[in-house]
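All of the numbers you see were taken from the coordinates with simple rules; none came from a lab. What you see is a predicted model; the values in this text were computed from it and never measured. FYI the Cβ positions are ideal-geometry reconstructions off the backbone, even for glycines, and counts take in every protein chain you see.
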Amino acid sequence: MQSAAASAPDPVIAAPSGACCIEGYPHVGTPKGEFVSIAEVETYVARPPSKEQENRVILYFPDVWGINDFQNGQLLCDYFASNGFLVLALDYFRGDPVTKHRTGTNPNPGFDFEAWKTKHQAFAKVAVPKWIEAVKAQFGTETTKYACVGYCFGAPYVMDCLSSSASTSANGLGLGTHVGAFGHPAFLNESHFTNCARPLFLSCAETDHTFPAEARHRAEELLTQGAAG
């Protein structure tokens with residue numbers, strides 16, 4: 001029999017990625033980072049100007065456009081790196097971002113976005129903790145400080161890193177993460193905010209179908225109650 005806590009409802013605050021999320025606008029530039037394999041997941045690595053700055057790490061969780069075929073994410077990682085951070089972005093879509101289905105001269109008219117989300121969420125649920133553990137082992141030191149940022153599909157992994165249980169869990173999500181941020185979040189419930197134990201920066205649009213104003217205000221309320229925002 002389930003306990004009352006286990007069966008309690010967990011209202012949605014940020015809805016799943018929707019139609020607006022698969023409309024991409026490519027940025028112009030030349031990425032400077034490189035791809036490496038971390039925990040068997042392709043990872044974009046953008047390095048800061050000096051080696052001494054590599055003890056400040058940003059974990060970057062991409063939106064549905066991914067990190068490898070659409071350079072927007074790479075350019076953003078490069079920008080963060082230029083400001084003195086080692087930035088790591090994983091490809092939890094395994095070479096299958098929405099770019100494969102929604103861009104080019106002949107977009108796939110039969111693209112099943114719902115099935116695509118389900119498939120990649122299942123993989124990310126298993127892969128992200130392993131990837132974070134590997135990042136910690138490969139790049140972490142006693143003085144390393146971690147931040148995390150996620151967009152759209154990536155927002156839940158930011159909240160997992162900042163959760164009250166993450167710092168004591170064995171799955172590596174805590175990682176000593178000091179701060180986090182998200183923009184245009186998706187797939188978030190109230191528990192993501194009630195469990196938040198680290199500072200969180202919310203980048204919000206005036207009009208956002210997945211995270212409307214009333215949802216943002218509820219998130220702010222929950223963060224204020226927990227004194228984590």
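Numbers for the structure displayed
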| read-out | value |
| --- | --- |
| Partners for Lys136 among lysines (Cα-Cα distance below 26 Å; same-chain residues under 8 apart left out) | Lys32, Lys51, Lys125, Lys145 |
| Other-chain or far-sequence residues with amide H under 5 Å of Ala181's (modelled H) | Cys148, Val149, Gly150, Phe201 |
| Packing-based exposure ordering (other Cβ within 10 Å, fewest first) of Ile38, Ile13, Ile67 | Ile38, Ile13, Ile67 |
| Computed FRET value (nearest 0.05) for Asn189 with Val28, which takes r as the C-beta separation and R₀ as 41 Å | 0.65 |
| Viscosity 1.567 mPa s, 4 °C: Kirkwood-radius Stokes-Einstein D of the stretch 29-85 over Cα pairs, µm²/s | 111 µm²/s |
| Distance between the stretch 77-153 and the stretch 184-221 - C-alpha centres, whole angstrom | 20 Å |
| Burial ordering of Leu223, Leu76, fewest other beta-carbon atoms within 10 Å first | Leu223, Leu76 |
| Highest average packing first - 56-63, 213-220, Cβ atoms within 10 Å | 56-63, 213-220 |
| Within the chain, helix-based [θ] at 222 nm, where runs of 4 or more DSSP H residues each add -39,500 (n - 2.57), nearest 500 | -9500 deg cm²/dmol |
| Fraction of beta bridges assigned by DSSP in the chain that are antiparallel (%, nearest 5) | 40 percent |
| ³J(HN,Hα) computed for each position of the stretch 111-118 - Karplus, 6.51 cos²θ - 1.76 cosθ + 1.60, integer Hz, glycine/proline x | 4, 9, 5, 5, 5, 4, 4, 4 |
| Ascending count of other beta-carbon atoms within 10 Å, so fewest first, for Glu54, Glu221 | Glu221, Glu54 |
| Surface/4 estimate of mean projected area, convex hull on alpha-carbon atoms of the stretch 8-226, nm² | 12.6 nm² |
